[in-house]
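The values are calculated or read from the model by the stated rules, or taken from the named source; none is laboratory data. None of the values given here were measured: they were computed from a predicted structure. Glycine gets a Cβ as well: all are built from the backbone with ideal geometry, and neighbour counts include every protein chain shown. Calculation scope for accessible area: heavy atoms of the full protein, side chains included, ligands and nucleic acids excluded. Shrake-Rupley method; radii C 1.70, N 1.55, O 1.52, S 1.80 Å.
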Amino acid sequence: MPALVLLGAQWGDEGKGKATDLLGGSVDYVVRYQGGNNAGHTVVVGDQKYALHLLPSGILSPGCTPVIGNGVVVDPSVLFSELNGLNERGVDTSKLLISGNAHIITPYNVTVDKVTERFLGKRKIGTTGRGIGPTYADKINRVGIRVQDLYDESILTQKVEAALDVKNQILTKLYNRRAIAIDQVVEELLAYADKLAPYVADTVLVLNQALEQDKVVLFEGGQGTLLDIDHGTYPFVTSSNPTAGGACTGAGVGPTKISRVIGILKAYTTRVGSGPFPTELFDKDGEALRRIGGERGVTTGRDRRCGWFDAVIARYATRVNGLTDFFLTKLDVLTGWEEIPVCVAYEIDGRRVEELPYSQSDFHHAKPVYETLPGWSEDITKAKSFSDLPKNAQNYVKALEEMSGAQISAIGVGPGRDETIEINSFL
Ligand code: GDP
Ligand code: IMO
Ligand code: MG
């Protein structure tokens, strides 16, 4: 059985954690391939709620090996606090594997993230402040620190020196901050080496051997398609590739191994941080979606911006990821609206546009063109099959499927594992 990718089809927070956890019981490996602890994935198992940031959501399934791939950026302090938190709750985390090629989020990367955002003022990205962008910038600039560097003090010192050489100039002369001491950083990083050692592995080899042995590997994306550094709403994006191709580079698995790409799609839209969002609502409907959907960031606690479903974005996600399926989440949140508007196209400077414009200025001007679908008032949280849904909810799902360009294979009707309608099996 080959590999599957599960990723966000919008601006993140679509319910990837729940979807991954649902499949976790039937897969052998769950792999994070990009991002870091900017992610906040909520998993509800019975009466227990878990918020995972860096660890793959498969960590909650005992038979599954969780893997942090080479494309992920790892903050060791966050890693250990997350592991400790899970251990205290009785979760066995001993199977975790971490790529020796993954880059480390150093304390100075976190500092640089915060000061640059402050410096940008009104033009800020609204990052999570976790050092994600600066760590990927160091990686691309070839001055990054990798997990394997912790096992060679001399190399580590040279690399920290190289990284801080320019940064200290910028911090002191441009941002008016104190210089960061090289020794202190090296000491702090070395302190993690022994604790980290049992988890460090050649994850590329492990995953490819697993696939040769017909094991099931699930790649869990962080963030979402529209936050992708190449395909998202640049510059209001994250600094990695959450889109499907990122799974290949971020885990070292070839595209020929991937047979299924599942887009997690919220039945409406949310976004955290700055950037364009055509269907955003500033009225009581937006408030109601936020309240009923519990739309508050798991990582930063910021209120999420809320709006109606945007089919232009869903179609775009189908295209750039080669989606085979959608997992539609939070349909239950829409219960109670008499009518539900769905954005089917944009109007840009008087023209009707059916597909996502590639020009940033056009997207900033895009006004949603809505079609209104009839709503439903019946409680759907107990629905187990598609036919249990009220007719109007069925029609809403069918309309979204038609507009979005891939089959909807599962529907979330509540946060719990079992609050899911499975239509087509993923495995
Ligand atoms: P992720 O970052 O994509 O994993 O998503 P988040 O965890 O940040 O946000 C999704 C939120 O919706 C979490 O609080 C989930 O528990 C919750 N959730 C997921 N699926 C459903 C669903 O079908 N219905 C409802 N009501 N909540 C859901
Ligand atoms: P999950 O995995 C929603 C957003 C931030 C900001 C932008 C860049 O839970 O879906 P960064 O710190 O990554 O440099 O911030 O990306 N962002 C997310 N928004 N869900 C996430 O993760 C996000 N991770 C980053 O709000 O706008
Ligand atoms: Mg989230």
Points 7 angstrom from Cα along the Cβ direction at L174 and S77: gap in nanometres?
2.4
Quantify how much of the Cα-Cα distance distribution of the range 1-74 extends past 13 Å, in percent.
64
Accessible solvent surface per residue of the range 312-427, calculated while the other protein chains remain in place, 1.4 angstrom probe, Å²:
47
For the chain, find the longest principal axis of its Cα atoms and tell me its angle to the long axis of helix 76-88, 0 to 90°, nearest 10.
60
Would you rank R315, R146 by solvent-accessible area, highest first, keeping every protein chain in place and using a 1.4 Å probe?
R146, R315
For the range 3-44, average projected area of the Cα convex hull in nm²
3.3
Quick one: length gained pulling D349 to K114 fully straight, 0.36 nm per residue minus the C-alpha distance?
81.0 nm
Per DSSP H run of n ≥ 4, the term is -39500 (n - 2.57); total these for the chain, divide by its residue number, and report the mean residue ellipticity at 222 nm rounded to 500 deg cm²/dmol.
-9000 deg cm²/dmol
Beyond a 24 Å Cα-Cα separation, which of these cross-linked pairs lie in this structure: K18/K382; K95/K266; K139/K257; K49/K114; K266/K398; K330/K398?
K95/K266; K139/K257; K49/K114
By how many nm would the segment from D194 to K95 grow when fully extended, if each residue of separation counts as 0.36 nm and the alpha-carbon distance is taken off?
34.0 nm
In nm, spacing of pseudo-spin labels at S259 and N84 (7 Å Cα→C-beta vector)
4.3
Got a number for carbon plus sulfur as a percent of the range 103-197's accessible area, 1.4 Å probe?
51
Stokes-Einstein translational diffusion, the chain - Kirkwood Rh over all Cα pairs, 1.306 mPa s, 10 °C, in µm²/s
72
Quick check: the distance between the Cα centres of the range 358-389 and the range 251-308, to the nearest angstrom?
13
Rank these by accessible area, largest first, 1.4 Å probe: H231, H103, H365.
H365, H231, H103
What FRET efficiency, computed as 1/(1 + (r/R0)^6) with R0 = 45 Å and r the Cβ-Cβ distance, is obtained for D183 and R123, rounded to the nearest 0.05?
0.80
Mind giving me the FRET efficiency for Q394 and D285? R0 is 25 Å, r the Cβ-Cβ distance, nearest 0.05 is fine.
0.65
Tail weight of P(r) past 27 Å, computed on alpha-carbon pairs of the range 190-332, percent:
35
What residues of the range 18-40 lie in the reach of a label at D214, counting those whose backbone N is under 18 Å from a point 7 Å from the Cα along Cα→Cβ?
26-29
In units of 2.2 N^0.38 Å, the Cα radius of gyration of the range 103-197 is 1.09
Rounded to one decimal in nm, the spacing of the 7 Å Cα→Cβ label points at K384 and S359 is 5.4
Suppose the chain between D152 and V298 were pulled fully straight at 0.36 nm per residue; how much longer would it get relative to their current alpha carbon spacing?
49.0 nm
